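A.B. asks: The structure follows.
The values are calculated or read from the model by the stated rules, or taken from the named source; none is laboratory data. All values reported here derive from a predicted model rather than from experimental measurement. No Cβ is skipped: glycine too gets one built from the backbone with ideal geometry, and neighbour counts run over all protein chains shown.
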Amino acid sequence: MALVVTVVVVRLVGQVDWGEVRAALAHLAWWHAPVLLAVLVVRQVLNALPLSLYIPGVSAYRATQNDQVAILMSTIAPPPSDIALRMAMFSSWGVPVAKGLAGTLMNTLTFYIVRFGAPVVGFVLLAVTGGEVGLRWADLVSVAISVTIFVGLMLVVRSEALARKVGTTAGGVAARVRRSIDPEAWSAACVQFRVDVAARFRRGFPRSILALSAMLVVDLTMLVMSLRFVGLDTGEVPIVDIAIAYLFAYPFTLFPFSGIGIVDALVLAAIVQAGGAEVEAAAVAGLVVWRVFTIGGPLALGAIGLAAWRRTSGAPATSQ
């Protein structure tokens, strides 16, 4: 799959008329930036909201601040620097490290369920519009990953015995790849994880799924707005075609920088297929605008959040 995507990227970029891309970017007006920034803030709040639902004592504001700072740290420093800084922030707010770590893990697992489950909605839209599935049947692998994570999580939360069994089984599979892994340690970790999240799971999990699903809708809205702002109108490429392209490409945000290059190539290919070669330059311009805000924006918010936390907590610059 990676090889196929690489070939698509090379071919598409090689055919782009960058003069036309610059002409499309000239459609941008001064008010587009603050509008996109406002929508980005909504997107980031929704993305971080599960932290406040899973971790006691963490408000939506603090969850958003913590998430933006972690995004910044994961970009400029190797892991687990982002986790270390997350835990330092939680501790400064009086949140036990175990609760903070468990909530962060739940946030990640919930996001993975939504991320890999996104193509389900894409298949539904294809069925409603009568579009061709073609190679998109391969996205059933992504859906299977989402279902596997969901089922495993349900088993862990359901009972201590099941949590222990899931931990032992997963540890045994992992030990085949890395012999240093102790399945019993994984079992104990699953049991402790269940203890840390059980109290808030029933209320927090469905609301977190809803929040992250809404985040995808807002992110898609940003993409559509970016494309419309540079002159790609509804008559050329309908919203439903953009949505289908986005939903099938979204699992590839697993890769660094939200899958930049890979996701963009897949979305661009689908848009060009729907609207023809004449929309290619505007689509590239729109994707550039979308990426500037969805990648650069969180880094800027993370820098602001880090400065605010250091000022209010009295934490030194090295407290990561």
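A.B. asks: Let me spell it out: the conditions are (1) within 28 Å of TYR246 (Cα to Cα); (2) surrounded by 19 or more Cβ atoms within 10 Å (Cβ to Cβ), and TRP137 meets all of them except one. Which number is the exception?
C.D. replies: The single condition TRP137 does not satisfy is (2).
A.B. asks: Within segment 140-188, how many residues turn out to be closer than 25 Å to ALA98 by Cβ and of a type in the set (S, T, N, Q)?
C.D. replies: So the count comes out to 5.
A.B. asks: I need a count of the residues in segment 221-258 that are outside any helix (DSSP H, G or I) and free of Cβ contacts under 8 Å to residues at least 40 places away in the same chain.
C.D. replies: Count: 5.
A.B. asks: Continuing with the same structure: Among the listed residues GLY171, GLY167, GLY259, GLY204, identify the single one that is crowded, with 16+ Cβ neighbours inside 10 Å and at positive phi.
C.D. replies: GLY259
A.B. asks: Could you grab me the full set of residues in segment 162-199 that are under 26 Å from ILE55 (Cβ atoms) and aliphatic (A, V, I, L, M)?
C.D. replies: LEU162, ALA163, VAL166, ALA170, ALA185, ALA188, ALA189, VAL191, VAL195, VAL197, ALA198, ALA199
A.B. asks: Tally up the residues in segment 174-220 that are part of a helix (DSSP H, G or I), at pLDDT below 95 and among the polar types (S, T, N, Q), please.
C.D. replies: Residues meeting the conditions: 2.
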